[in-house]
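Here is the structure we will look at, set down as structure tokens.
Every read-out reported here was derived from the displayed coordinates using simple, explicitly stated rules and does not represent laboratory data. This structure is a prediction, so every number in the text was calculated from the model and none was measured. Cβ sites come from the backbone with ideal geometry, for glycine too, and all protein chains shown count toward neighbours.
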Amino acid sequence: MVAGNILIIEDEGKFRDLLSRIIENEGFNVFKAPNAAAGLKLLGENEITVVISDVKLPDANGVDLVKKIKDGFEKVEVVVLTAFGSIKDCVKAVKNGAFDYIMKGDDNARIVPIVKSAAEKARLGTQVKALRKHIPHEYSFDYIIGNSPATIQAVAMAKQVADTDTTVLLLGETGTGKEVFAQALHKASLRRDKPFVAVNCSSFSGDLLKSELFGHVAGSFTGALKDKKGLFEEADGGTLFLDEIGEMNIELQAQLLRVLENGVFNRVGEARTTRVNTRIVAATNRKLKNEAVNGKFRLDLYYRLAVYTIPLPPLRQRSDDIQALAGHFALVFAKQFNKPVPAINPELLKCLREHKWPGNIRELRNLMERLLIINRGEDLTIASLPADFFEDTFAEQGDSFDLSDLETRYIRRALHQANGNKREAAQMLGISLSTLYRKMEEYHI
């Protein structure tokens, strides 16, 4: 897959071609221009991610060109090329909005990392622009991030049922995004202009949940000082999301079944029935069918809820989505904390992909928030991770006796505790620095 479109504006043909080959070897698609006019023409005709431009061009000043590009193409990142002695121009270019600068001939090792970081920043900038465009539909299907087969299948199943009134049961572990899916179903339904009301059934005792769902009349129990509408009435015409429905007691389940079948219920303390037109989306992290067979959940209610079930995959089965999710959360919290969006080091991404994520997306979100709080403008690396992250990883993989797996995890943990200092990490591991480098190369650390 192409990593992005790079435009090189450089009048020296041999250097332009060399730079192009270096960048193409990293999976990028490269456009080349010998001057500013040709570069701006290519920029207007193609979806360019990063522009690499010389400071000295035959038809333009590269410093002024940076400002022109940023004014016209806000999300495009610009990297400036300079020969020795033009550092002042580069500093001015950065002030005009350039991402970074590269010294010709001296910074060859920096070319690829800088271009990758600039491309990542541009990608995240494009993503946040798309998210802002959908602010009125914050929890639409567009908000669900991920292109893994499991995610695509879950979204496709949800879209198929969204514009019906069919009851939907979302099945998934804690933190897999069940409420986001529930809201997306509502936003894509014909009820989108009516209320979406959510309740976590595990947050209330049986009697209190009954009052919350169905409402009550004054005097029906101690503390009921006035009539109160229940959530079914609040959501009339719209959608009621019942999260953790497996926690609902058996008695209340019978009353819920009545609403699902007939659309009527009684407020607590009232003989008169109330009729509503409310769609139900329920969710659970339990195996409800097994619970029903064992008498812990009404089997008739299960079948009424499970007309259409959507399994939501745990994050450990969505490793292809972790880069997009981590980048999204980095962008969200960078904006919240008024910080620049940091690039995520490839080794850190590899570590995140290998983690088992018992807390799923919620755990990843919390981790990224923590990393952004302590970030001081540098890239996010393995050294950024909290120690308990590695303790969790060891606990998850504690039964593995594969030597290379064990060595890889010990080296990563030592590097983390040494804040990335390889000499110190080697001392902690009791090996020479050259052995550490060899092991890191062998295990792609």
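Just tell me which lysines come within less than 26 Å, Cα to Cα, of LYS287; anything on the same chain fewer than 8 places away is out.
Counting by Cα, and skipping residues close in sequence, LYS287 has these lysines nearby: LYS159, LYS178, LYS210, LYS296, LYS356.
Where the only charges are on Cβ atoms (+1 Lys, Arg; -1 Asp, Glu), what is the dipole of the chain about its Cα centre, to the nearest 20 debye? Walk me through the numbers before you get to the answer.
On the way: 60 positive and 59 negative charges, 159 e Å.
In total the dipole reaches around 760 debye.
Between ASP59 and ASP17, what FRET efficiency follows from the Cβ-Cβ distance if R0 is 25 Å, with the result rounded to 0.05? Present the calculation step by step, with values, prior to reporting the outcome.
On the way: r = 20 Å, r/R0 = 0.80.
After rounding, the FRET efficiency stands at 0.80.
I need the phi-derived Karplus couplings for segment 251-268: 6.51 cos²θ - 1.76 cosθ + 1.60, θ = phi - 60°, integer Hz, Gly and Pro marked x.
Values, residue by residue: 4, 5, 4, 5, 6, 5, 4, 4, 5, 4, 7, 10, x, 10, 7, 10, 5, 4 Hz.
In segment 270-337, what trypsin sites (Lys or Arg not before Pro) fall in a loop by DSSP, with at most 15 other Cβ atoms inside 10 Å? Numbers along the way, then the final one.
Working: sites: ARG272, ARG275, ARG279, ARG286, LYS287, LYS289, LYS296, ARG298, ARG304, ARG316, ARG318, LYS335; in loops: ARG272, ARG286, LYS287, LYS296, ARG298, ARG318.
Qualifying residues, ordered by number: ARG272, ARG286, LYS287, LYS296.
For segment 258-355, which GluC sites (Glu not before Pro) are in a loop by DSSP, counting at most 16 other Cβ atoms within 10 Å? Please list the in-between numbers first.
Details: sites: GLU261, GLU270, GLU291, GLU347, GLU354; in loops: GLU270.
Filter output for segment 258-355: GLU270.
Amide H to amide H, which residues 5 or more places from ILE102 or on other chains are under 5 Å from it, using H placed in the peptide plane?
Distant-sequence amide H within range of ILE102: VAL80, LEU81, THR82.
So how tilted is helix 322-336 from the main axis of the chain? Cα-based, degrees 0 to 90, rounded to 10.
Taking the Cα atoms of the chain, the angle to 322-336 is about 90 degrees.
Would you mind putting 244-254, 369-379 in packing order, based on average other-beta-carbon counts within 10 Å, highest first?
On the way: 244-254: 16.9, 369-379: 13.8.
Top to bottom by mean Cβ count within 10 Å: 244-254, 369-379.
To the nearest µm²/s, what D does Stokes-Einstein give for the chain at 20 °C and 1.002 mPa s, using the Kirkwood radius over alpha carbon pairs as Rh?
83
From the phi angles alone, apply the Karplus equation (6.51, -1.76, 1.60; θ = phi - 60°) to segment 174-180 and give each ³J(HN,Hα) in whole Hz, x where the residue is Gly or Pro.
Using θ = phi - 60°, the values come out as 4, x, 8, x, 5, 5, 4 Hz.
Give, rounded to the nearest 20 debye, the magnitude of the charge dipole that segment 1-95 has about its Cα centre when Lys and Arg contribute +1 at Cβ and Asp and Glu contribute -1 at Cβ.
260
Is there a quick way to get the dipole size of segment 141-313? I mean about its Cα centre, with the Cβ of Lys and Arg at +1 and of Asp and Glu at -1; what is the value in debye to the nearest 20? Kindly include the intermediate steps, with their values, before the conclusion.
Details: 21 positive and 20 negative charges, 46 e Å.
With only Lys, Arg, Asp and Glu charged at Cβ, the dipole is about 220 debye.
Kindly express, to the nearest 10 degrees and within the range 0 to 90, the angle between helix 433-442's C-alpha long axis and the longest C-alpha principal axis of the chain.
Orientation of helix 433-442: about 60 degrees from the principal axis.
Between GLU424 and VAL94, what length in nm is gained on full extension when 0.36 nm per residue of separation is reduced by their alpha carbon distance? Can you show the working numbers first?
Values: separation 330, 0.36 × 330 = 118.80 nm, distance 3.52 nm.
Value of the extension gain: 115.3 nm.
So which lysines can LYS335 reach, going by Cα to Cα under 24 Å and dropping same-chain residues fewer than 8 places off?
Answer for LYS335, where 24 Å is the Cα cut-off: LYS67, LYS70, LYS75, LYS95, LYS116, LYS121, LYS129, LYS133, listed by chain and number.
Scan the chain and hand back the longest stretch that contains none of the chymotrypsin sites (Phe, Trp or Tyr not before Pro) lying in DSSP loops with at most 14 other Cβ atoms within 10 Å.
Details: sites that count: PHE84, PHE221, PHE337, PHE401, TYR443.
The answer is 85-220.
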